[in-house]
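Enquirer: For reference, the structure I am asking about is given below.
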Amino acid sequence: MKDDKKKFMKLAIELAEHNLKTNEGGPFGAVIVKDGNIIGKGGNKVTSSNDPTAHAEIVAIREAAKNLGTFDLSECEIYTSCEPCPMCLGAIYWARIDKLYYAATKDDAAKADFDDSFIYEEFSKPKNQRKLQSVQLMREEAVKVFEEWIKKEDKIPY
């Protein structure tokens with residue numbers, strides 16, 4: 001079993017190396033596994049797709065969800081060439097992935113100019129002290145939509 005984990009991590013690192021050679025995106029790769037089978041994989045595609053959310057983990061999650069026909073990736077594991085950024089970590093939680101394996105750390109990534117420390121710092125600040133100005137508008141109207149969601153009988157909960 002341990003050899004399988006190394007095999008999956010090796011593939012995630014190979015996906016990162018592929019990006020290094022092809023310039024499709026940053027040097028990151030990810031593989032999602034269920035029951036010992038690869039169900040999703042991805043390399044970072046931010047620059048080639050002009051999509052700032054196309055991180056390797058997100059690409060792999062999208063592929064895995066499509067292949068399984070569900071947004072619920074519980075009972076899955078994700079192998080990433082680097083410790084996930086805040087966005088990807090959030091997506092991993094939202095996808096309900098059971099276990100995360102990573103190779104390089106966020107500090108290793110920061111040394112290569114992929115530094116997410118400012119995001120972590122921003123999250124810890126009160127909203128009114130963050131660099132991103134946040135302005136709340138039309139709360140009452142938006143809350144009505146949630147109230148309707150609560151009453152909806154044919155909703156698909158997630």
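Enquirer: Scanning the range 15-38 for residues that are open to solvent by 80 Å² or more (accessible area, probe 1.4 Å) and charged (D, E, K, R), which turns out farthest from Ala65 (Cα to Cα)?
Expert: Lys21
Enquirer: Follow-up. Name the pairs whose Cβ atoms lie under 9 Å apart, with the first residue in the range 1-18 and more than 18 Å from Gly43 (Cα to Cα), the second of a type in the set (Gly, Ala, Ser), and 6 or more positions between them or separate chains?
Expert: Between residues of the range 1-18 that are more than 18 Å from Gly43 (Cα to Cα) and residues that are of a type in the set (Gly, Ala, Ser), the close pairs are Met1/Gly36; Asp4/Gly36.
Enquirer: Also, quick follow-up: Collect the residues in the range 17-71 that are of a type in the set (Gly, Ala, Ser), in contact with a Gly (Cβ under 6 Å, 6 or more places away or on another chain), closer than 17 Å to Pro86 by Cβ and not in a helix (DSSP H, G or I), keeping them in residue-number order.
Expert: Ala30
Enquirer: Take Arg96 and tell me if it is modelled with pLDDT of 95 or more, of a type in the set (D, E, K, R) and part of a helix (DSSP H, G or I). Spell out how you get there, then give the answer.
Expert: Numbers: modelled with pLDDT of 95 or more: yes; of a type in the set (D, E, K, R): yes; part of a helix (DSSP H, G or I): no.
Considered against the rule, which asks whether it is modelled with pLDDT of 95 or more, of a type in the set (D, E, K, R) and part of a helix (DSSP H, G or I), Arg96 comes out as no.
Enquirer: Would you please name the residue that is farthest from Lys6 (Cα to Cα), looking only at residues in the range 103-116 that are assigned to a helix (DSSP H, G or I) and open to solvent by 50 Å² or more (accessible area, probe 1.4 Å)? Please lay out each step first, then the result.
Expert: Residues of the range 103-116 that are assigned to a helix (DSSP H, G or I), as a first pass: 106-111.
Going one step further and asking which of them are open to solvent by 50 Å² or more (accessible area, probe 1.4 Å), we end up with 106-108, 111.
Details: Lys106: 20, Asp107: 22, Asp108: 20, Lys111: 24 Å.
The residue in question is Lys111.
Enquirer: Any residue in the range 102-125 that's within 19 Å of Leu15 (Cα to Cα): show its pairings with residues that are among the aliphatic types (A, V, I, L, M) and exposed (fewer than 14 other Cβ atoms within 10 Å of the Cβ) at Cβ separation under 9 Å, as long as the two are six or more apart or on different chains.
Expert: These pairs meet every condition: Ala104/Ala112.
Enquirer: Hey, Tyr120 hits all of (1) under 26 Å from Leu20 (Cβ atoms); (2) modelled with pLDDT of 95 or more; (3) part of a helix (DSSP H, G or I) but one; which does it fall short on?
Expert: Here Tyr120 meets the rest and fails (2).
The values are calculated or read from the model by the stated rules, or taken from the named source; none is laboratory data. Only a predicted model underlies this, so the values are computations on that prediction, with no experimental measurement involved. Glycine gets a Cβ as well: all are built from the backbone with ideal geometry, and neighbour counts include every protein chain shown. Just the protein is used for accessible areas: all its heavy atoms, side chains included, with ligands, DNA and RNA removed. Shrake-Rupley method; radii C 1.70, N 1.55, O 1.52, S 1.80 Å.
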